Structures are given as C-alpha cells and as structure tokens.
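Worksheet: one structure, shown below.
Laboratory data are not the source of any read-out in this text; all were calculated from the coordinates shown. Just so you know, these numbers come straight off a predicted model, no measurement behind them. Note: ideal-geometry Cβ built from the backbone for every residue, glycine included; neighbour counts use all protein chains shown.
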Protein chains: 4
Amino acid sequence: MGAKERKRVPRAVREQEMLDAAVESFARHGYRAASMDDIAEAAGVSKPLVYQYLHSKEELFTACVRRESATLISAIREATGLEAGQVMPADRQLWNGLCAFFAHTAAHPHGWAVLHQQARTQGEPFATQVAVLRAEMVEVVTRLIGSAAQDAGCDGALAAREVSGLAHALVGSAESMAEWANSRQSDPPSPKETAATLMSLCWPGLENLLNGVRWKPTR
Amino acid sequence: MGAKERKRVPRAVREQEMLDAAVESFARHGYRAASMDDIAEAAGVSKPLVYQYLHSKEELFTACVRRESATLISAIREATGLEAGQVMPADRQLWNGLCAFFAHTAAHPHGWAVLHQQARTQGEPFATQVAVLRAEMVEVVTRLIGSAAQDAGCDGALAAREVSGLAHALVGSAESMAEWANSRQSDPPSPKETAATLMSLCWPGLENLLNGVRWKPTR
Amino acid sequence: MGAKERKRVPRAVREQEMLDAAVESFARHGYRAASMDDIAEAAGVSKPLVYQYLHSKEELFTACVRRESATLISAIREATGLEAGQVMPADRQLWNGLCAFFAHTAAHPHGWAVLHQQARTQGEPFATQVAVLRAEMVEVVTRLIGSAAQDAGCDGALAAREVSGLAHALVGSAESMAEWANSRQSDPPSPKETAATLMSLCWPGLENLLNGVRWKPTR
Amino acid sequence: MGAKERKRVPRAVREQEMLDAAVESFARHGYRAASMDDIAEAAGVSKPLVYQYLHSKEELFTACVRRESATLISAIREATGLEAGQVMPADRQLWNGLCAFFAHTAAHPHGWAVLHQQARTQGEPFATQVAVLRAEMVEVVTRLIGSAAQDAGCDGALAAREVSGLAHALVGSAESMAEWANSRQSDPPSPKETAATLMSLCWPGLENLLNGVRWKPTR
DNA sequence: TATGAATGAGTGTTCATTCAT
DNA sequence: AATGAATGAACACTCATTCAT
C-alpha cells in the first residue's frame, strides 16, 4: 500500500543513487554541514544502508570525489586524444581540452563544486585526492607544452619550475572561468566561447615563451 | 609559575591576538572544523572572553575575513597607484599589482587561505564578503584593461562580457599561482618571478585582443 | 549485568516514559533549572534520544503541559457531565467538578505543579498554553453560574466582568486549596472534604449574588 | 564630561536602586532567565558593584523578596488595625485588608509578580520565604475568623484544619483576583470593586460556617 | 566607591555511528 | 536488502563570579 517503499534494488544501482544524493548535498552545504541523515533521506534510503555500502562519511565523500574526478579527467583525456594516441597540433589539443573541460563543468555543476570548492578545502585526506586530479590536469598541460616546444624546435627554453608555474596558471584560469560561467544565471557563455576567450588570452604568451620571448618590466 | 598567566591587556590588543589565532585556526582546519575552544586556547585566553569581544563564531570569522580582505586589497591599491591617482602604463600597473599580490599572499599565507579556501566555500554570508573582495580585484583588472585599450587607441574592441571573463581568468590564474607558490615548501619562487611568469603568459594575448587579434580554431 | 540496559521499546511507549520523567523533573526543579541531562537519565535513555523524539526543551515542556492539561480538563468535563450533556442542578455540578479536580490534583501532584507553578510563570509561549487550560476551567464555572442564574430565574443580575472576576476567584481558591492539600504531608484532607469546605465557603455567596444580594461595607 | 557617569551615591540609596532594577528584571524574565549583567545595567552600575553590595544572585533575590514581602504585609497589617490594636467588626476588618491588598498589588505589580510568580516557584530556599509571607496572610485571616467566631458566640464550631483550609481558600482567591485584575489591560477593576466582589462571594459562606451551617451534597 | 578584564562550570543541541531485528 | 531504536562525543554559547586596578 502506498508508493512509499522503493523496490529492492541491486547494490550497484543503489550506490550510484547514494552518490548522486551525496554529491548534491556536499555541493550545497559543504562537507561538514551536509549530514548523513539528509543524504540518506535524499537518496530515499535509511541511514544504516548508507553505512552498509559506503562505511563512513569520509569514505562516502572520497567515493564522490573519485567518481567526479574520473569522469572529468576522462572527458579531458578523450578530447585531447591522449587516450587514443592521436597526433594533433598543440594549440588544437589545448583547445579541445578546454572545450571538454568547460562543457563537463557546465553539465555537472554539483560534481565540479564538490571537487573545486569542497574537497580542496577540507584538509587531508581529501586535498590529496584533488591534488591528484589537479596533477593529472597539470600533467596534460605540461605534456602539451612539451610537444609544442618540440614543434617549435626549441626544447629546453623553459625551466621545469617555470613550466609548472605556467601549468598552474592555466589550470587556475580555467577553473576560475568555469566557476564564473556557472555562476552567471542569465546569459551564460557557451563552453566554446569561454574556451576561445581563454585561448586568445594565453596562447600568444605561451608561443612567445616557447620562443624565448618574455615580458620584462620596462626599465 | 611559568609563562601561563598573561597580563591584563587592553581590549584592542586582545582582539587582534584573537583574530591572529582565529585566522591560523580557520586556515588550518576550515571554518566548521575549527573549534572555539581551540581558538581561545591558541589566543591564550578563555572561551568566554572570545565571545565577549567577538560575539559568535560567525562574527569572529567575519572579522577575520574583513581584516584580511582589507589589508590585501589596500596593498594592491597602493601598488597600482589607484590610491594616489598616479598615471602609469597599463602593463606597468598590472605588473605592480601582481607583485604586490604575490608578495602579500606569500607574507600572509594563513590570511590568504582563509580568504581563498575557506570564506569562498562556506556559503552565505561569507561568500558574499569574499565576492566583494574578488569584485574589487576584478574591477582593478577591468579598469586596467580599459585604460590599456585607450592607450592602444582601440576602445570598444571587446564586449563587456568578454572583459569580465578575461578579468576572472586573470584573477583566477593569479590565485592559483599564489597557492602553488605557497605550497612549494622547497625552492619557492619569489613574488617577482611568479609575477613575471604570469605577465609573460598573459600580456601578449591581452595586447592582441585589444588590437582585435584573437585565436581561432584552425579550420 | 545489572538492570541497566533497557530493552528496545516502541517509540510511543518511550515517549510517555520521557514525559513522565520530564514532568517530575520540571515539577521539582522548575523549567530552567531542570536539565535535559537529568531528564534523559531519569527516563533511562540518552539525551540524543530525547531530542530525536521531542526535538527541544521547549517542545518537551510543551508536550508535558499539553498532556497534563488534557487529562485534567477531561476529568473535570466528565465529572460535570458536560461531555454527556446530562442535566444537573448547578450546585451538584460544581460539587462534582471540584471533587474531580481535587482528586486529580492529589493523584498527579507533579503534573499539577507543572501546570500551576511552572508553565504559568515561564512567560510565553507556555503561559498561553496554561491560559487556555484556565480559560476552559473558568468557562466551565462561568457556564455553571449562567445555568444557576436561569434556575434562580434571575438572568442578567450580574455584569459579565463581575462573573469573570467570580470565576477567577473560584478557580484561584480551588487551586490554592489543591496546593495546600498536596503540601500537607501528614493528615491530608480527602478530595471530598476539601471540596465540601470550598462549597460551604462559596455557594451561599454565589446564590446571594444571583439574587442580587451583595455585601456592602457597613456605613 | 557627559552626563554618563552617575554621581557617587551613598550605599543605602544605591542598594535600593539595585533592588528596584532587580525586582523589575526578575518579574519580567523570571529568576533564572534574569541575568546579573542585565540587572547591573538596568541599575546603571557595574556588575562588581552589585556583588559588593548584594553578594550573590541568590542573596539579591532574597533581598527583593524580603523587601516586597515587608511592604505588602505591613500595608495589610495597618489596614486591618492589627498594628494599632484597634477593635473592628470582623467583616469590616476583612474588607479593609482586602482593599489594602488589592491596592498594593495594583500599585506594585512587579513586586507582586516576584512574590507570587517567581519566588514561590523557584524551589528552596525561596519558597520558604514566600511561605512565611503567606503564613502571615493566612494568620491574619485565621485570627479574623477566630474573632468573628467570638462575635457570633459560637467558638469551636470549626475544626482547626478546616479553618486552615478556609484561610488558604480565601488567600488563594484573593491572589487569583489580583493577578486577574493586573492582567486586564483595558478597563481594569478598581481595588474596591475587586474587594467587594470577593466579599460578596465569601462572607455569607463564612457566616454560615460560623453558625454551623454548611453545604451538603443533596441526597 | 567603582570597574574593565577574565574565567570555570554548565546548558541545549547536533552528528556520525552502531545494534537488534 | 533494509530499518527503527539508541548512543558517545563533541560543539557553540551563557552565566555567576572574581581579580587587579
């Protein structure tokens, strides 16, 4: 009687439902403020069941981070052709990566909020997890800079530390734009527009640097 | 015996000591995880005294954010010459602002962490406070782009929305580099190095855009 | 080992046990001085369970007041025949009501103390709740005076405000006697004795008033 | 400079000011909820000064109760001629006492609230203090009934316990009417009206009882 | 006479987590 | 597979009270 009781559902499915509810709750209220009660209720199950499957709040959050990280990074990898070993000019590669990134963060705002706003700021052990994601994104960019350097025939013009700094700058600007784009309720820019603006801003400087041209304070 | 008992100290001084302790605690553990007990102990006073002066956890955090925001933004304003109404070429202005920014965030890492990692992610009413700070930084950049456009004799080449996007990208990349610089325990880049890398990355693209030159996906 | 651990018990039962403990604690120590810790311990459960079921100290107290009010007023209503619509001479009705009242307050001294000593004096919102109870008792008395007036064929001899005053005087004297009776540890008067004394004191004056006879200061 | 600082004031005066503030605060918020901070502020002095003069919250409250009790009971004593040893018919004496009582409680509502609503309900040691006041009022009434009995030439018609019950009923009805009168914001009855209503209600029954006439349940 | 500075002890409330079914 | 019943530990906040001046 009543449509209240959900049917018995296989574990794998229930787990995903729980993760969906948790991601939304963590995004909305933050890691600490989100309560297991709320998450369980949002998932339409009882709290003990959440514990049976995900064991603890920490593990639950970890699972969220892992899932969201994986889908994001694989979207980027696929777009940049790293998965398939395709060959592409570096700017094309960066452009594709950025488009994929902005498209994904726009499509999954809660997941992105969990990664960017929550996990990074909750101290260990979560910061490390996101650091891994970030490292992968930075690595993509780093590799990209490397192959661009080869194309330009000017390997070694940049110190490793400077490359690291550049990669963080690029990733940071992308993150910032993603948040900006998501927060514009009305008239939000399309992923491609956003990517184009960022390419226009950064690609010339990047090419310059690869050719040894750098900005200097005038006198 | 022992240095346990602090002398009676005027209120204004004690308040600053409390804010120091609170900023560090919030930076280390996050807003929710930092406990008033810990903060009071770190400040060397009893909890009721903290409440007598700062009234609540929320107001305490707000006071931290306000203080750290104020010192940061005034450092930037001073460096960019906005306070004194000086005239400077746009790139020089940007360069000075970035140097001040990286110097300040390096000198006050906890304060920066509170602003960038904590306040932004704790929802209302704190997000709004940091949004104000960010808006001021974005405004500085926006104004700067405007004056650069005038210098280049090409006003109006950029839509307002694109300028907004660019400003967010620039601010985001700076924030990201500040965090990266702070997190490099060994061999940390100097504020000037960091600023130089970022200028090299972004200035060429900015100049291009002001001249109507933008990156386009090849074919 | 030991009878410490109580069995798992259905919610409805536990709630009543909690209310029992709370009523006693509130009666003994007063609303403010009674602590949730004590109440939980007296109920043989942990504090969180009390909160799970009753939500807050205020709601817990409210629930106590509601329960005690309900049992008292229904005892009176039943005795005066208001429930069943019986017809009775007014003095008989008053007599029955008083007997029920004194019997109930003697049987539930803690409940009575919560209503009479605590709820009334703790300001809003509790005062209102007891005001409702009192209003019901006053209304019973008022109706009773009205029907007595009809019996005496002298409707309208008393102003509404004076009836209100009389009702409060009657209710107040009953309340006072209930407390007096409860506080006599040794040789306590039976409910019927108490009721008889009060009837002897008040009924003649009431009859006089209905016939327009009132006391006047001599000369 | 500024009219902020109150002049140095003799101790006796300051103490009365403190008691005034305390009585009002206790009446408004209740014993527990009234805070020493509020009371000190309302009295226009610092908290340590309150402690210097009144020693503790408990002693402060005790002093309030004592002062309010004393003024009330002496008003009654004076009115009933007990102080001066005057001779008066019993009904006249009761009438005078009631008038004095209702006049006093109407003139000092906060003091009456402290006695009737707060002190009685805060458990020991305050309940005892008010019990003393009540005992004095009951004693006045008891003596009055005794002298009325002599007048009527029918000593010993009433058992001591019944007299005690009657006295509590009378006192209770007076208390209840005082509260009722004080709580009627608009169109409040004058003390004399209130007293007249109560006399009309109770005196006939009292006379009857002294003559051995009592109410009996019919059949 | 009078006070700003400071605290120990306690209160109501919440939450992640487990047990028995 | 799933849950109602139950708790230990912590947290924000308040208050009566004292000390140093």
- Task: Kindly list the residues of the range D:108-145 that lie in the label zone of D:E83, defined by a backbone N under 12 Å from the point 7 Å along the Cα-to-C-beta vector.
- Result: none
- Query: If we hang a label 7 Å off Cα along the beta carbon direction at B:E78, how far is it from the matching labels on the other copies, in nm, shortest first?
  - Reply: 5.2, 7.3, 8.2
- Message: Rounded to whole angstrom, how close does the nearest chain A beta-carbon get to the axis mapping A onto D, and which residue is it?
- Response: A:A33, 15
- Message: Could you work out the percent of alpha carbon pairs in the range C:8-55 separated by over 18 Å, rounded to a whole number?
- Response: 19
- Based on alpha-carbon positions alone, could you give the equivalent ellipsoid semi-axes of the range A:161-219 from the gyration tensor, as √(5λ), descending, whole Å? 27, 12, 11
- Query: Placing +1 at every Lys and Arg Cβ and -1 at every Asp and Glu Cβ, with all other atoms neutral, what dipole size does the protein assembly as shown have around its Cα centre, in debye to the nearest 20?
  - Reply: 360
- What number, in percent, do you get for the relative contact order of chain C if the mean sequence gap of Cα pairs under 8 Å and at least 6 apart is divided by its residue count? 20
- Note on the structure: The simple spin-label model distance between B:N211 and C:R28, using points 7 Å out along Cα→Cβ, in nm, is 8.8
- With a Förster radius of 25 Å, plug the Cβ-Cβ distance of C:L49 and A:E41 into 1/(1 + (r/R0)^6) and report the FRET value to the nearest 0.05. 0.85
- Using θ = phi - 60° and the Karplus curve 6.51 cos²θ - 1.76 cosθ + 1.60, what whole-Hz ³J(HN,Hα) does each residue of the range A:34-41 get, with Gly and Pro shown as x? 6, 9, 4, 4, 4, 4, 4, 5
- The alpha-carbon pair-distance distribution computed for the range D:71-123, with 5 angstrom bins and whole-percent values, is 4, 21, 24, 19, 14, 11, 6, 2
- Query: What is the Cα convex hull volume of the range B:71-219 when expressed per residue in Å³?
  - Reply: 136
- Query: Quick one: if the Förster radius is 30 Å, what FRET efficiency do B:S147 and B:A12 give, using the C-beta to C-beta distance and rounding to 0.05?
  - Reply: 0.15
- Note on the structure: Placing +1 on each Lys and Arg Cβ and -1 on each Asp and Glu Cβ in the protein assembly as shown, then taking the dipole about the Cα centre, the residue among B:G30, C:G97, C:A42 whose Cα reaches farthest towards the positive end is C:A42
- Message: Could you tell me the calculated FRET efficiency between D:E124 and B:A107, based on Cβ-Cβ distance and R0 = 51 angstrom, to the nearest 0.05?
- Response: 0.25
- Query: How large is the charge dipole for the range C:134-219, taken about the Cα centre, if only the Cβ atoms of Lys, Arg (+1) and Asp, Glu (-1) carry charge, to the nearest 20 debye?
  - Reply: 340
- Query: Measuring from a point 7 Å out along Cα→Cβ, what nm distances, shortest first, does A:P188 have to its partners in the other copies?
  - Reply: 3.7, 6.3, 7.1
- Message: So if I place +1 on the C-beta of Lys and Arg and -1 on the C-beta of Asp and Glu, and nothing else carries charge, what would the dipole magnitude of the range D:65-210 be about its Cα centre? I want it in debye, nearest 20.
- Response: 280
- Message: If N is the number of residues in the protein assembly as shown, what value comes out of its Cα radius of gyration divided by 2.2 N^0.38 Å?
- Response: 1.40
- Note on the structure: Copies of B:R161 compared via label points 7 Å along Cα→Cβ give distances in nm, shortest first, of 4.2, 7.2, 9.2
- Go through the range A:20-30 residue by residue and turn each phi into a ³J(HN,Hα) via Karplus (6.51, -1.76, 1.60, θ = phi - 60°); whole Hz please, and just put x for glycine and proline. 4, 4, 5, 4, 5, 5, 4, 5, 6, 10, x
- Query: Sorted from fewest to most neighbouring beta carbons within 10 Å, what does the list D:V114, A:V171 look like?
  - Reply: A:V171, D:V114
- Among the aspartates and glutamates, which fall within straight-line cross-link reach of C:K57, defined as a Cα-Cα distance under 17 Å, with same-chain neighbours fewer than 8 residues apart omitted? C:E15, C:E17, C:D20, C:E24, C:D37, C:D38, C:E41, C:E68, C:E124
- Message: With 10 angstrom as the radius, rank A:D187, D:D38 by how many other C-beta atoms surround their C-beta, starting from the fewest.
- Response: A:D187, D:D38
- Query: When the Karplus curve 6.51 cos²θ - 1.76 cosθ + 1.60 is applied with θ = phi - 60°, which whole-Hz ³J(HN,Hα) does each residue of the range B:68-85 get, with x for Gly and Pro?
  - Reply: 5, 4, 4, 5, 5, 5, 6, 4, 5, 4, 4, 5, 7, x, 5, 5, 8, x
- What's log10 of I(q)/I(0) for the range D:1-115 at q = 0.09 Å⁻¹, Debye sum over Cα points only, no solvent? -0.33
